[in-house]
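The values are calculated or read from the model by the stated rules, or taken from the named source; none is laboratory data. Predicted, not measured: the structure shown is a model, and the values here were computed from it. Neighbour counts run over all protein chains shown; Cβ positions are idealised from the backbone, glycine included. Areas reflect the complete protein model, heavy atoms only, side chains present, ligands, DNA and RNA absent. Shrake-Rupley method; radii C 1.70, N 1.55, O 1.52, S 1.80 Å.
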Amino acid sequence: MTKLDSKIPAGPLAEKWTNYKAHQNLVNPANKRKVDIIVIGTGLAGGAAAASLSEMGFNVNVFCIQDSPRRAHSIAAQGGINAAKNYPNDGDSIYRLFYDTIKGGDYRAREANVYRLAEVSNNIIDQCVAQGVPFAREYGGLLDNRSFGGALVSRTFYARGQTGQQLLLGAYSALSKQIGKGAVKMYTRREMLDVVKIDGRARGVIVRNLVTGKLERHAAHAVLLATGGYGNLFFLSTNAMTSNGSAAWRAYKRGAFFANPSFVQIHPTCIPVHGDYQSKLTLMSESLRNDGRIWVPKKKEDAVKIQKGQMKPTDIPEEERDYYLERRYPAFGNLVPRDVASRAAKERCDAGFGVGSTGLAVYLDFKSSIERLGKKVIEARYGNLFQMYEKIVDANPYETPMMIYPAIHYTMGGTWVDYELQSTIPGLFVGGEANFSDHGANRLGASALMQGLSDGYFVLPYTMQNYLADQITVPHFKTDSSEFDAAEKDVQERINKLLAVKGGHTVDSFHRRLGLIMWDNVGMARNQAGLEKAITEIKALRKEFWQDVKVPGTNDGLNVELEKALRVADFLELGELMAYDALNRKESSGGHFREEYQTPEGEAMRNDNEFMYAAAWEYKGDDQKPELHKEPLIYENIEVKQRNYKTA
Amino acid sequence: MDLKLKIWRQPSAHADGKFVDYQVTKISKDASFLEMLDILNEELVNKGEDPVAFDHDCREGICGMCSLFINGRPHGPDNAVTTCQLHMRKFKDGETVTIEPWRAKPFPVLKDLMVDRSAFDEIIQAGGFVSIATGGVPDANSIPIRKQNADLAMDAAACIGCGACVAACKNASAMLFVSAKVSQLALLPQGKVEAKERVQKMVAKMDELGFGNCTNTYACEAECPKEISVTNIARMNREFLVAKLS
Ligand SMILES: Cc1cc2nc3c(=O)[nH]c(=O)nc-3n(C[C@H](O)[C@H](O)[C@H](O)COP(=O)(O)OP(=O)(O)OC[C@H]3O[C@@H](n4cnc5c(N)ncnc54)[C@H](O)[C@@H]3O)c2cc1C
Ligand code: FES
């Protein structure tokens, strides 16, 4: 039935990766120079992979949208990165990190990939320290750890509230070293708009030079997409403004299956929406849940008074506060996984207990931690986050609780890849958030950075080499072939069409409307009627977009509106696929909550008999329904259970 | 609030630029500065005019992509924030706000308020790294580091590479940027091995790219959104001297 081969190596789980590496094909150093690789994206996954592949001797060409590889969205990660070092001696191990990740993902990720991730996690920390990443340390000079949601051990390494920045600057320094040597050619302010296939294999890309508007052709023996997640589809998200789904979407339309598109993560601790001019949402790191307690008023009257501005949170005495996470999940308390925390906040707000002027917020309170540890300690741990909160909201979290609400943050779904991180297009590899591989239906905090760097430093350099071993005799590709002509023509036509509409509404206005449809129907809680409605509405909106979008200017030069229009055009298609996927999955798992499938206490209810698979969608043409392929998930090393965060 | 805007418009790198006046009305004091520009741009697009080009991405004060010289100050009137974290409550109703790109020879204007800062990347490529390859490194805890040093290294590493220091400096000196990287690595044992070569190569590259000299006005520190300290410049000067003498 299925065309999917996950290529999981044989043997016991703990030996698979070692065995793979022992038997894989290698390329002799002198031959590596003959092989070209294109890397799209310079976040943790792309930056690390490009540097490592180049160090091995391959010719690497790298592309990114920003003006410098140092500015990829990974830079914004705050809280930390997981690893199974067990430095605090609290019982951590590779197996436990593997187990927590599978369980946190609600048993919808592939065992072998996740085990490998846990296995190489320790190498990542070693690598980063050797690069000079200034992780937080204890007075004895050794590395410090903190806890994150979904785990009972402290395994998160961090660099103040700027872990992503420091890790990315580490990868960027490795990449810069290779660029400086002339071993990597870096192309900034470029956006990839299509994949070029020759004889069924990925052999190049079409990119747009964002400064001149010129379309460029680049050829290679293999292409790596490390283009991040598509959370911006919702318009408001915690992602950077240029984060997009276009590279993965274009690959999908060229034959790369797209897996679990509806698995998106809604992060529980973001600054609530405050106005309709708002352009993005700001995350307050999950690490705050280590010391902050989440509550709403016990009495609805109090919540209403707060909403009307007649009462302050500090007026509400201890016994009138409902610490609902501690109440519902005594074992994990404020440190339950993100999907559980987000839904619990929504439940309280929907029931009328929300705070803030909109009633769509809950409190994150540091009062008891400040009393217990002192303001100094809290300041050292979270000072920059508190400062950021104050700049945005104009309220001082040392004195009054923060207000938070869930927001779109991360996409677990992405391009389907096998164990080698190769998509269904041979020669097209996908790493980092852009692939679907490791987090199942929900990602644990501090695990995206781990996955990005695992893919980039330790997995792709091996697996891509395995693929490239028989490519050394294939000469460098020319870009004047008919395949490149056709792909460039497609892109040019898409651009011309957008510029020709000359309609009455801006790109952002369409994007906002798409975001609302998605948030209301394909967001934190979904049901059949809502999803069907979303599909109809997205189709209609897409039609309207192509008849009425207004893209000023031309293609000759910098044109930000055109860039946005190209991304939103793709989002308008991807959104529909997300709704299909959510409709197909008649169960609740992780971030995918179908209201029809819940326990009497309102917890997510999986259906393992029917849905223990990754849903990989194949493009069948613009007006055709995509075809579903199922990759069954087989758990040989873990007992599949209902997730339970009430008792340890 | 209502504001008058004077914005630098320049169609492309080689074209001439000039200030153009705009008006925005009913802006919320809780909006960010860039959201105010979004509103202006949406109006311009609706009128069929070319929107104002400016760099930005994370809008969280960390990627270093946003710039803007606002009322004569890089990143505007608030201290210790980037333009994307600047909020309209820092302005007065009816105020005139002048918005320019970074003005520095090594950062040529690409369009309107966008400049080319690739010179910073070139300086890092000259030596802002530890020359190790992936794999084969020791266990992370086999290199204990004094917490005080790790913290100082982190203070320096917090630089976001936005270029405000260069824009603030009358000489367009990049000393604060370069010294932050040199300091971070000089403070850590991992970076010590190549410390001499690093400082020499990075300083030589900085000079080659046309950044000016440091005359100790400390405008860079005053305008740095991440409050990177000028003590890094002193440390770099020491490193440079030691490298020369040995
Ligand atoms: C605010 C925030 C905080 C976070 N905090 C944490 C945390 O504490 N711990 C954790 O583990 N995770 C965290 N995450 C998640 C994590 O940061 C991301 O999942 C991860 O960094 C993604 O890395 P990446 O390399 O896959 O992609 P990205 O860093 O998103 O990089 C994508 C790259 O692709 C390029 N690109 C994209 N499309 C194209 C195209 N068409 N053409 C050319 N180039 C393109 C971009 O320019 C960029 O260089 C956080 C996320 C957010 C939003
Ligand atoms: S947009 Fe990233 S720092 Fe301002």
Completion exercise
Measure of exposure for A:GLU483: accessible area at 1.4 Å probe, Å² rounded to 10, is 60 Å²
Practice task
Considering Cα pairs under 8 angstrom that are at least six residues apart, work out the relative contact order of segment A:269-408 and quote it in whole percent.
Solution key: 32 percent
Fill in the blank from the handout: Diffing segment B:223-233: the Karplus 3J(HN,Hα) column from phi (6.51, -1.76, 1.60, θ = phi - 60°), in whole Hz with x for Gly and Pro, holds 9, 5, x, 9, 6, 5, 8, 5, 4, 5, 5
Problem - Translational diffusion of segment B:173-246, µm² s⁻¹ [Kirkwood Rh, Cα pairs; Stokes-Einstein; 20 °C; 1.002 mPa s] - result: 171 µm²/s
Practice task
Would you work out what percent of the accessible area of segment A:482-609, with all protein chains in place, is carbon or sulfur (probe 1.4 Å)?
Solution key: 51 percent
Completion exercise
If amide H atoms are modeled at 1.01 Å from N in the peptide plane, then the residues at a separation of 5 or more from A:VAL184, or on another chain, having amide H under 5 Å from its own are A:ILE179
Handout entry: Label-to-label distance, nm, for residues given as A:LYS586 and A:ARG512 (7 Å Cα→Cβ offset)
Key = 3.9 nm
Fill in the blank from the handout: Length gained if A:THR473 through A:ASN89 is fully extended, taking 0.36 nm per residue and subtracting the Cα-Cα distance, is 133.2 nm
Handout entry: Interchain or long-range residues, amide H under 5 Å from A:ASP365's placed H
Key = A:ARG293, A:ILE294, A:TRP295
Exercise for the section: For segment A:56-93, list whatever residues lose no less than 30 Å² of accessible surface once every protein chain is in place, relative to that chain by itself, with the probe at 1.4 Å. Expected result: A:ASP67, A:ARG70, A:ARG71, A:ILE75, A:ALA76, A:TYR87
Exercise for the section: Report which residues of segment B:13-36 become buried by 40 Å² or more of accessible surface when going from the isolated chain to the complete set of protein chains (1.4 Å probe; DNA, RNA and ligands ignored). Expected result: B:GLU35
Fill in the blank from the handout: Expressed in angstrom, Rg and Dmax over the Cα atoms of segment A:316-360 are 11.1, 32
Exercise for the section: Let me know the Kirkwood hydrodynamic radius for chain A, please, with Cα pairs as the basis and the value in Å to one decimal. Expected result: 25.0 Å
Problem - 11 Å reach of a label modelled at B:ARG89, 7 Å along Cα-to-Cβ, counting backbone N of segment B:31-66 - result: B:31
Exercise for the section: Tell me the label-point distance for the pair A:LYS300, B:ALA13, using the 7 Å Cα-to-Cβ offset, in nm and rounded to one decimal. Expected result: 6.4 nm
Fill in the blank from the handout: Heavy-atom accessible area of segment B:3-111 with neighbours in place, 1.4 angstrom probe: carbon+sulfur share in percent works out to 50 percent
Practice task
Measure out, as a whole number of angstrom, how far apart the alpha-carbon centroids of segment A:22-87 and segment B:212-245 sit.
Solution key: 32 Å
Completion exercise
The long-range amide H neighbours of A:MET412, using H built 1.01 Å from N in the peptide plane and a cut-off of under 5 Å, are A:VAL264, A:GLN265
Exercise for the section: Can you sort B:LYS90, A:LYS550, A:LYS197 by 1.4 Å-probe accessible area, starting with the largest? Expected result: B:LYS90, A:LYS197, A:LYS550
Handout entry: Residue of B:VAL52, B:VAL137, B:VAL199 that the Gaussian network model of chain B assigns the largest fluctuation, springs spanning Cα pairs under 10 Å
Key = B:VAL137
Practice task
Only helical DSSP H runs with n ≥ 4 go in: add -39500 (n - 2.57) per run for chain A, normalise by residue count and round the 222 nm mean residue ellipticity to 500 deg cm²/dmol.
Solution key: -11500 deg cm²/dmol
Exercise for the section: Pop out the carbon and sulfur fraction of the accessible area of segment A:224-375 as a percent, whole number, probe 1.4 Å. Expected result: 51 percent
Practice task
Report ³J(HN,Hα) in whole Hz for each residue of segment A:84-99, in order, from the Karplus equation J = 6.51 cos²θ - 1.76 cosθ + 1.60 where θ = phi - 60°; Gly and Pro get x.
Solution key: 8, 5, 6, 4, x, 6, 10, x, 7, 6, 4, 4, 5, 5, 4, 4
Problem - Relative contact order of segment A:481-639, pairs being alpha-carbon contacts under 8 Å that are 6 or more residues apart, as % - result: 21 percent
Practice task
Between B:ALA53, B:ALA153, B:ALA140, find the one with the highest GNM mean-square fluctuation for chain B; connect C-alpha pairs within less than 10 Å.
Solution key: B:ALA140
Exercise for the section: Take the alpha carbon atoms of segment B:52-108, find their center, do the same for segment A:132-178, and report the distance between the two centers in whole angstrom. Expected result: 29 Å
Practice task
Please tell me the relative contact order of chain B in percent, rounded to the nearest whole number, where contacts are Cα pairs under 8 Å and at least six residues apart.
Solution key: 19 percent
Handout entry: Accessible area buried between chains B and A, both sides summed, probe 1.4 Å, in Å² to nearest 100
Key = 6000 Å²
Practice task
Identify the residues of segment A:1-34 with backbone N under 12 Å of a label point that sits 7 angstrom from the Cα of A:LYS630 along the Cα-to-Cβ direction, or state none.
Solution key: A:1-2
Fill in the blank from the handout: One computes Rg over Rh for segment A:482-609 from alpha-carbon atoms, with the Kirkwood Rh, and obtains 1.12
Completion exercise
In segment A:551-581, the residues losing 10 Å² or more of accessible area (1.4 Å probe, heavy atoms of protein chains only) relative to their chain alone are A:PRO552, A:LEU558, A:VAL560, A:GLU561
Practice task
Mind grabbing the accessible area of A:LYS3 for me, 1.4 Å probe, Å², rounded to tens?
Solution key: 130 Å²
Fill in the blank from the handout: With every protein chain kept in place and a 1.4 Å probe, segment B:118-245 has an accessible area per residue in Å² of 41 Å²
Practice task
Would you give the gap between the C-alpha center of segment A:416-472 and the C-alpha center of segment A:248-271, rounded to a whole Å?
Solution key: 15 Å
Fill in the blank from the handout: Counting only protein heavy atoms and rolling a 1.4 Å probe, one gets per residue an accessible area for segment A:220-309 in Å² of 22 Å²
Completion exercise
Once all protein chains are kept in place, B:CYS58 shows an accessible area at probe 1.4 Å, nearest 10 Å², of 10 Å²
Practice task
Using the Karplus curve 6.51 cos²θ - 1.76 cosθ + 1.60 with θ = phi - 60°, work out ³J(HN,Hα) for each residue of segment A:433-445 in order, rounded to whole Hz, and write x for Gly and Pro.
Solution key: 4, 5, 8, 9, 6, 10, 10, x, 9, 6, 9, 7, x
Exercise for the section: Determine the shielding of peptide B:39-46 by partner chains: average, over its residues, the number of Cβ atoms on other chains within 10 angstrom of each Cβ. Expected result: 4
Completion exercise
Taking every other residue with Cβ under 15 Å from the Cβ of B:ASP21 and scoring Lys and Arg +1, Asp and Glu -1, one gets -1
Practice task
Can you tell me the 0 to 90 degree angle between the C-alpha axis of helix A:560-584 and the longest principal axis of chain A, rounded to 10?
Solution key: 70 degrees
Exercise for the section: Using 0.36 nm per residue of separation minus the Cα-Cα distance, give me the extension gain between A:TYR139 and A:ALA14 in nm, one decimal. Expected result: 41.5 nm
Exercise for the section: May I ask for the Rg/Rh ratio of chain B, computed from Cα atoms with Rh as the Kirkwood radius, given to two decimals? Expected result: 1.03
